[in-house]
Amino acid sequence: MTPPTVQDLPAALDLRQQNVPASSEKQTATARFYYLDSMRSILMMLGVVLHGALIYSSGDHWIVSDSHKSEFFTILDSVIHAFRMPAFFIIAGFFSMMSLKKYGVRTFLHVRLTRILVPLFFTAVLINSLELYFRTTILQNTPMTVTHFLTQVLPREWIAGEWVSHLWFLLTLIQFFAVGIALFALKNQFSRLPHFERSVSSLRKNCYFLLLLPISDITWSVAARLAPDIFHGSLFCGLLNLEDFMVYLPYFLVGLWLFHDRLLQDEFHSIARWEWGALVLSVLTHHLLENAHGLNQESFLRIYSTGLIFALSSHICYVLFYKFMNRDSQVFRYLSDASYSIYLFHHLCVIVIGYLLLNAQIAIGYKFLMVELGTISITLAIHHFLILRFKTLRFMFNGK
């Protein structure tokens, strides 16, 4: 995505699709995918909705948590969480393979790493450090001078990995790029394996491979039980989170495969009948076994059903955008370009606005709307009046 939340994250490509059939040789070479413009912009907006909902969710305590809560926001958070990030990584994998095939490894690394590392650095140093200062002095009610914070508190928070916050997506994506490059270099070797095409064909049909994606969730759950010090939390000052890597890698791999395999594209652009029944069954299973924990059959079944909900929901999301949003739109084209800026700045905005509204004597529904409207307005203003107008800021926060 042009911004790092979706499709072409850190690429400087301007690709447009003219609704060409998936079998066309020109489909992935020169065109722009209109439905992905719409998809990444809406999914980015849903990120603002998700973080805003956490303030008023009756679930776990978030960074900012209102004393008045509602089960509605808990459900809203769960529904968005089920498909948003998996869909992001599918699209990121798709466009990564496109860039690798079109430009090669060297250009791919130059463009992508510039688009990610530069905004990652400046957002971490400037925006996330400001967020940490606000959380320490205001939310935790620990007054201190700026000098004390910068010299004593901030270094400790960075070592603990607290600087990452919502930037985990970019760090994980960089790790996935390494996997993508390795698979791109080995792609010709797979076809030489015996029975490879037969196995791929059976998995490709009706997207049955979706049934395998939750295996990564089970693998992580077992690993986290056996080695909690390694698999729980972040490592190397926040640079690596094995949970994020293991849980979302399959979706990135699906994106790589999706671009490479035209037959899979045909299958992936429609929802098989079995998916609807599997989704309903998975939701019921997850609900019935939500209290199952440990290394036992019930727990594994709960984890598998949750992972399958994520896999099926992300596919349904992809298909709906493909079928109903595959047309050029100036609005969504602008929002897709602005989505990187929204992604980088929205987290601090949601926290600050949510905090300012904690003691407001109004219904939490109105508070939620004020958080959403305020965050979207501020982040779009930053993008339109600052990042688009000043080349230095555009490089710092968009990597262009």
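The set of residues from the stretch 366-395 being open to solvent by 30 Å² or more (accessible area, probe 1.4 Å) and touching a residue at least 24 places away in the same chain (Cβ under 8 Å) comprises Ile376, Ile378, Leu380, Ile382, His384, Phe395. The single residue among Ala227, Ala223 that is under 25 Å from Leu295 (Cβ atoms) and free of Cβ contacts under 8 Å to residues at least 12 places away in the same chain turns out to be Ala227. Scanning the stretch 204-251 for residues that are assigned to a helix (DSSP H, G or I), of a type in the set (Ser, Thr, Tyr) and farther than 21 Å from Gly180 by Cβ, we see that the one that is modelled with the highest pLDDT is Tyr208. Just one of (1) among the aromatic types (Phe, Trp, Tyr); (2) closer than 25 Å to Phe169 by Cβ; (3) at pLDDT 95 or above fails for Phe259. It is (3). Scanning the stretch 78-112 for residues that are crowded, with 23+ Cβ neighbours inside 10 Å and of a type in the set (S, T, N, Q), we see that the one that is farthest from the chain's Cα centre (by Cα) is Ser99.
One line per residue, one yes/no per condition, for (1) over 29 Å from Leu203 (Cβ atoms); (2) open to solvent by less than 20 Å² (accessible area, probe 1.4 Å); (3) more than 24 Å from the chain's Cα centre (by Cα):
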position	(1), (2), (3)
Ile230	yes, no, no
Gly238	yes, yes, no
Phe252	no, yes, no
Phe268	no, yes, no
Gly277	no, no, yes
Ser282	no, yes, no
Leu301	no, no, yes
Thr306	no, no, no
Ile309	no, no, no
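Of all residue pairs spaced 6 or more apart or on separate chains, those with beta-carbon atoms under 8 Å, a first member in the stretch 84-113 that is assigned to a helix (DSSP H, G or I) and a second member that is basic (Lys, Arg) are Phe88/Arg40; Ile91/Arg40; Ser96/Arg112; Ser99/Arg112. Which ones in the stretch 54-64 are free of Cβ contacts under 8 Å to residues at least 40 places away in the same chain, in contact with a strand residue (DSSP E or B) (Cβ under 8 Å, 6 or more places away or on another chain) and either within 19 Å of His166 (Cα to Cα) or part of a helix (DSSP H, G or I) (or both)? Answer for the stretch 54-64, where residues must be free of Cβ contacts under 8 Å to residues at least 40 places away in the same chain, in contact with a strand residue (DSSP E or B) (Cβ under 8 Å, 6 or more places away or on another chain) and either within 19 Å of His166 (Cα to Cα) or part of a helix (DSSP H, G or I) (or both): just Ser57.
Taken together, Leu46, Leu126 contain a single residue that is closer than 22 Å to Met396 by Cβ, open to solvent by 20 Å² or more (accessible area, probe 1.4 Å) and either among the hydrophobic types (A, V, I, L, M, F, W, C) or in a helix (DSSP H, G or I) (or both), which is Leu126. Whenever a residue of the stretch 137-155 is closer than 19 Å to Gly238 by Cα and in contact (Cβ under 8 Å) with a residue 24 or more places away in the chain, its partners that are surrounded by 10 or more Cβ atoms within 10 Å (Cβ to Cβ) and of a type outside the set (S, T, N, Q), lying with C-beta atoms within less than 7 angstrom and at least six residues away or across chains, give the pairs Leu154/Leu132.
Can we say Tyr340 is in a helix (DSSP H, G or I), over 30 Å from Ser221 (Cβ atoms) and open to solvent by 10 Å² or more (accessible area, probe 1.4 Å)? For Tyr340, the condition - in a helix (DSSP H, G or I), over 30 Å from Ser221 (Cβ atoms) and open to solvent by 10 Å² or more (accessible area, probe 1.4 Å) - is not met.
Checking the stated criteria, Trp163 turns out to be within 28 Å of Ile63 (Cα to Cα) and touching an Asp or Glu at 6+ places or on another chain (Cβ under 9 Å). Annotation: Leu242 fulfils all but one of (1) surrounded by 16 or more Cβ atoms within 10 Å (Cβ to Cβ); (2) under 21 Å from the mean Cα position of the chain (by Cα); (3) in contact (Cβ under 8 Å) with a residue 24 or more places away in the chain; the unmet one is (3). For His347, indicate whether it is open to solvent by 20 Å² or more (accessible area, probe 1.4 Å) and touching a residue at least 40 places away in the same chain (Cβ under 8 Å). So His347 does not fit the description; no.
Got at least one residue in the stretch 315-327 being open to solvent by less than 30 Å² (accessible area, probe 1.4 Å) and closer than 30 Å to Ala227 by Cα? The answer is no; no qualifying residue exists.
Among the residues of the stretch 192-200, is any open to solvent by 30 Å² or more (accessible area, probe 1.4 Å), touching a residue at least 60 places away in the same chain (Cβ under 8 Å) and among the charged types (D, E, K, R)? If you could, list the steps in order and put the result at the bottom.
Initially, the stretch 192-200 is screened for residues open to solvent by 30 Å² or more (accessible area, probe 1.4 Å), giving 192-199.
This time we only want the ones that are touching a residue at least 60 places away in the same chain (Cβ under 8 Å), so: none.
Checking the stretch 192-200: not a single residue is open to solvent by 30 Å² or more (accessible area, probe 1.4 Å), touching a residue at least 60 places away in the same chain (Cβ under 8 Å) and among the charged types (D, E, K, R).
Annotation: Ala363 fulfils all but one of (1) of a type in the set (A, V, I, L, M); (2) within 22 Å of the chain's Cα centre (by Cα); (3) more than 13 Å from Ile127 (Cβ to Cβ); the unmet one is (2).
The values are calculated or read from the model by the stated rules, or taken from the named source; none is laboratory data. Since the model is a prediction, treat every value here as computed from it, not as a measurement. With ideal geometry, Cβ positions are generated from the backbone for all residues, glycine too; neighbour counts draw on all protein chains shown. Only protein heavy atoms, including side chains, enter the accessible area calculation; ligands, DNA and RNA are left aside. Shrake-Rupley method; radii C 1.70, N 1.55, O 1.52, S 1.80 Å.
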